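As structure tokens, the structure follows; a few thoughts come after it.
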Amino acid sequence: MEVIPTVTQREQWMVESQVFGIYNNFKELPRRAQTVLLEIVCDKHTEYLTNGLRRLPPSFCVLDANRPWLCYWILHSLALLGESIDVNLKHHVVDFLSRCQDPLGGYGGGPGQMPHLATTYAAVNSIITVGGRRALSSINRDRLYAFLQRMKDPSGSFRMHEKGEIDVRACYTAVSVASILNILDYKLVENVGDYILSCQTYEGGIAGEPGSEAHGGYTFCGLAAMILINEVHRLDLPALVNWVAFRQGVEGGFQGRTNKLVDGCYSFWQGGVFPLIQRLLRSIEEQLRIIGCRKHDNDSSKINVNLPEETRQMHSGLFEQKGLQEPPDVAKFSDVGFDFVKRSADIGPLFQNFALQQYIILCSQIMDGGFRDKPGKSRDFYHTCYCLSGLSVCQYINLETADSSPIAQEVLGPYSNLLEQTHPLYNVVLERYYSARELFSHL
Amino acid sequence: MDSDDEQTIPLSQRPEWADVKPVPQDDGPNPVVPIAYTDEFRETMDYFRAVYLSDEHSSRSLQLTSEAINLNAGNYTVWHFRRLILESLNADLHEELDFVENIAKKNSKNYQIWHHRRWLAEKLGPDAAFREIEFTKKILSLDAKNYHAWSHRQWVLKTLGGWEDELEYCNQLLRDDIFNNSAWNQRHFVVTRSPLLGGLDAMRDSEVDYTIEAIITYPENESSWRYLRGLYKNDLKSWVNDPRVSSVCLKILSTKTRCIFALSTLLDLICHGFQPSPEYEEAVNALPLQRSDVGPSSSSLAETICSVLEAIDPLRGNYWNWRKEQLPALVT
């Protein structure tokens, strides 16, 4: 019987042939030419990004409800590249985002638009990236808290906007913003963990909604949110690690879902899961030990057998009953993001760090500035932000503690490729996060 | 209402808008990320802001939101306001379904369209189930992995019903493309949640057979291996004890190629208490590998599997190495 390749196979082979074409050409080049190709063209990226900050063509009308996102993608990219923007431009950013801030709290997609959780996340992270007292104090934290409360659904999860959709993205953006501004409390946290837990699928990754397919973006959001609310031990972490480890493909980059194509943006959404895992190793190994114990104790394994579908989480059920972790300590939400990044990584990366760096630099980078999804696609600010974020994750992943510098061997290409380090839970440059925390932790 | 002509006439020249004063966007003197709006876009949004601020729920406002959505389907404020108008006017929601379908044809990957569609279907109730199922089918025929379409379809099934042919739909999509993980995920959804099938316990047996056949045809297909494991999600003991699971591993291993998932499944089985008979060890040892790849001969089978995986799946070398380090706690 003749076997006809399926759509998935055909598309995958096409991408592989393009990517391997690039890698094969690269291999045949003289060393000097290779060095040139491995360079992050910082000046070109900066030019592309600052131009975007100053003016966008009419084709951006379709992103008119995402302007704080455009700010964040551009400003965070510049910050990762170690580029500073001039004082006037900083003022302009703060002034513009203030016009997106709703009088009743939260930020909308542009001036006069309804507040929305995703653009609130983007605006807050932009403001923290700009930094300085004037910028930070432009955020109305009390009103923002009220907005978050209004977005909280009785189920525990969050809506994106008034009467808007509920999903894991909403949970993450709400929790991330509240955490970084030090306004996270038990009222906001209540039951959000249950919702995220119900989105972990049989594959191990996390979906946008209960029942949907495990997906890179939602997996990062779900995992980061669970860490920020002190409930990460409730997830089936060994399954999650297994799923995400399998998302790295032969191209070196990550795919967003099983049997989908590689895409540069998952360098962060999937790649960014690994620095989190590294710091959770003790929880993961604890879960594995329990599997080991239970195995020898089959008769008394009443806890996990035949749980109804909805209560699922055989592991979490077990862990909760055994009380392996104290119940979330309400008073300590404000330190979670800070303590987490200070935690030492107990192990090296559980993915192929250099293969990912190679994909980002050789396949996603555009020599005229900017990054793209994959060869054949065009650049955009979103992919530029998440390719650079993923690259930064790679460069710092072998450091045992935050606040030291990677050695040259960790950085693919010239050492000048070294980017700034990003906070693995909020995705803002670490040093900007510290400055903001100095202010917010006293409020 | 048709509108190609109408839309080319600027709003400022349409008599029915003469009484409205457009409200420009408050971008400030030095906006960042300023968009060079087309004249049409700017004017439409200026008039939209006017009716939004005056909270005018009228048919001309409704028409205006159509035009604004046509220019930018991502503007959730416009969609939200549109829903308020539709409610106030008690509008015909079937017409609204046509409107959404036209927008979705141009861009089916946008949260707003699907949220609006859900709102509509909820209002229309169970009678809408069939049309919604067909609508998602149409979108999925263009892109069988459209995440939003699948979420919507699941919501429809859960909320409005329409489960009758869902397993057959999964069959059909998997016949077209056995690597379509979204279809496998939907299959899991149907098997675990359909009120017509009796749940996972009732379905497991036939599903295992179906999946094993898929695995044997394409052993490199990660989706089917993950689905197989998912069938025992709440009953790992049966997973360990079901001879079909372990023997499909053995069968794939004996072909000596494309066996990463067979090895990793066997490893997981052992970690959960499976006692492999000598033939498993023989099959692993028979894999065409360098002696140095498989570690010392004193290793346990689980250790050997980790070493083999490290060698044949170097991209995940760190992961397999870590798995090997965890073995003492698991396999004693």
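The values are calculated or read from the model by the stated rules, or taken from the named source; none is laboratory data. What you see is a predicted model; the values in this text were computed from it and never measured. Here the Cβ is made from the backbone with ideal geometry for all residues, glycine too, and neighbour counts use every protein chain on show.
For A:Phe351, state whether it is aromatic (Phe, Trp, Tyr), surrounded by 17 or more Cβ atoms within 10 Å (Cβ to Cβ) and outside any helix (DSSP H, G or I).
Yes: the conditions hold for A:Phe351.
Do you know which of the residues in region B:230-241 that are at the interface with another protein chain (Cβ under 7 Å from one of its Cβ atoms) and within 20 Å of the chain's Cα centre (by Cα) is nearest to A:Glu203 (Cα to Cα)?
Looking at the filtered set, the residue picked out is B:Gly230.
Given the condition of a type in the set (Ser, Thr, Tyr) and touching a Gly at 6+ places or on another chain (Cβ under 6 Å), answer yes or no: does some residue in region A:393-410 qualify?
For region A:393-410, residues of a type in the set (Ser, Thr, Tyr) and touching a Gly at 6+ places or on another chain (Cβ under 6 Å): absent.
Looking only at region B:33-87, filter to residues that are among the aromatic types (Phe, Trp, Tyr) and under 26 Å from A:Asp95 (Cα atoms); which one of those is nearest to the chain's Cα centre (by Cα)?
B:Tyr76
Tell me, yes or no, whether region A:249-259 has at least one residue that is under 16 Å from the mean Cα position of the chain (by Cα) and assigned to a helix (DSSP H, G or I).
Scanning region A:249-259 turns up no residue that is under 16 Å from the mean Cα position of the chain (by Cα) and assigned to a helix (DSSP H, G or I).
Could you tell me whether any residue of region A:206-215 is part of a helix (DSSP H, G or I) and in contact (Cβ under 8 Å) with a residue 12 or more places away in the chain?
Checked against the condition, which is being part of a helix (DSSP H, G or I) and in contact (Cβ under 8 Å) with a residue 12 or more places away in the chain, region A:206-215 yields no hits at all.
Looking at the structure I just gave you, is A:Tyr48 in a helix (DSSP H, G or I), away from every other protein chain (no Cβ under 11 Å) and crowded, with 20+ Cβ neighbours inside 10 Å?
Judged against the criteria, A:Tyr48 is a match.
Checking B:Ile260 against (1) within 14 Å of another protein chain (Cβ to nearest Cβ); (2) modelled with pLDDT under 95; (3) under 37 Å from the mean Cα position of the chain (by Cα), only one condition comes out false. Which one?
Every condition holds for B:Ile260 apart from (2).
Answer yes or no: is there a residue in region A:74-84 that is hydroxyl-bearing (Ser, Thr, Tyr) and under 20 Å from the mean Cα position of the chain (by Cα).
yes
Pick from A:Ala65, A:Ala79: which is under 19 Å from B:Tyr76 (Cα atoms) and touching a residue at least 24 places away in the same chain (Cβ under 8 Å)?
From the options A:Ala65, A:Ala79, the qualifying one is A:Ala65.
Residue-by-condition table, conditions (1) within 14 Å of chain B (Cβ to nearest Cβ); (2) under 21 Å from A:Leu38 (Cα atoms); (3) crowded, with 21+ Cβ neighbours inside 10 Å:
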position: A:Val336; (1), (2), (3): no, no, no
position: A:Gln357; (1), (2), (3): yes, yes, yes
position: A:Gly390; (1), (2), (3): no, yes, yes
position: A:Pro406; (1), (2), (3): no, yes, no
position: A:Val411; (1), (2), (3): no, yes, yes
position: A:Ser435; (1), (2), (3): no, no, no
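Would region A:76-95 turn up any residue that is assigned to a strand (DSSP E or B) and more than 10 Å from chain B (Cβ to nearest Cβ)?
No - not one qualifying residue is present in region A:76-95.
Go through region A:1-24 and give me each residue that's surrounded by 12 or more Cβ atoms within 10 Å (Cβ to Cβ), farther than 19 Å from B:Leu142 by Cβ and aliphatic (A, V, I, L, M).
Matches in region A:1-24: A:Val15, A:Val19, A:Ile22.
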